[in-house]
1. Any chance the range 114-121 includes a residue that's among the charged types (D, E, K, R), in a helix (DSSP H, G or I) and modelled with pLDDT under 90?
2. Any chance you could count how many residues in the range 34-43 are of a type outside the set (Phe, Trp, Tyr) and farther than 11 Å from Phe84 by Cβ?
3. Of the conditions (1) over 16 Å from Ala120 (Cβ atoms); (2) modelled with pLDDT of 90 or more; (3) under 18 Å from the mean Cα position of the chain (by Cα), Met51 fails just one. Which one is it?
4. Report, by residue number, each residue of the range 96-110 that is open to solvent by 30 Å² or more (accessible area, probe 1.4 Å) and in a loop (DSSP other than H, G, I, E, B).
5. Mind checking which pairs have a first residue in the range 95-122 that is under 19 Å from Ala39 (Cα atoms) and a second that is of a type in the set (S, T, N, Q), Cβ under 7 Å, 6 or more apart or different chains?
Amino acid sequence: RLLTGFNRRHHITPLLASLHWFPVRFRIEFKILLITFKALLGLAPSYITEMLTPYEPVCSLRSSGGTLLDVPKSRLKSKGDRAFAIRALLLWNDLPEEIMLADSVSSFKSLLKTHFYRLALM
């Protein structure tokens, strides 16, 4: 508001949309998903890559395409679901498949930003 001269009584969402900025929650989720994507490509440290295991259903299903990740159970719902090992997998499994199947980091970033822009500002 300081940079654009908006009154403090105006809503901030139109300003964020005009600047192509995301709310804090979406910026955090963007970083988490970017680290997850890099880990799946082998571009992240091994301790992060070890947290990610592909989902393998017990019987043959349509969802056994290999893009979903197995989410372990957390003991604490309030704090346990905030851990990277849980939150990253939940966010990844909620993504549309076209974003999961991106072929490079730059295309993944572009698709993810477009997806978040639609969710946050429209």
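The values are calculated or read from the model by the stated rules, or taken from the named source; none is laboratory data. If you're wondering where the values come from, they're calculated on a predicted model, not measured in any experiment. Every residue, glycine as well, gets a Cβ built from its backbone with ideal geometry; the counts of neighbours run over all protein chains shown. Surface areas here come from the heavy atoms of the whole protein model, side chains and all, with no ligands, DNA or RNA. Shrake-Rupley method; radii C 1.70, N 1.55, O 1.52, S 1.80 Å.
1. Looking for residues that are among the charged types (D, E, K, R), in a helix (DSSP H, G or I) and modelled with pLDDT under 90, one finds at least one in the range 114-121, hence yes.
2. 6
3. Result: Met51 passes all but (2).
4. Pro96, Leu101, Asp103, Ser104
5. Once the first residue is under 19 Å from Ala39 (Cα atoms) and sits in the range 95-122, its partners that are of a type in the set (S, T, N, Q) give Glu97/Thr67; Met100/Thr67; Leu101/Thr67.
Residues checked against (1) modelled with pLDDT of 90 or more; (2) within 21 Å of Glu97 (Cβ to Cβ); (3) among the aliphatic types (A, V, I, L, M):
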| residue | (1), (2), (3) |
| --- | --- |
| Asn7 | no, no, no |
| Leu15 | no, no, yes |
| His20 | no, no, no |
| Val24 | no, no, yes |
| Ile28 | yes, no, yes |
| Ile32 | yes, yes, yes |
| Ser46 | yes, no, no |
| Val58 | no, no, yes |
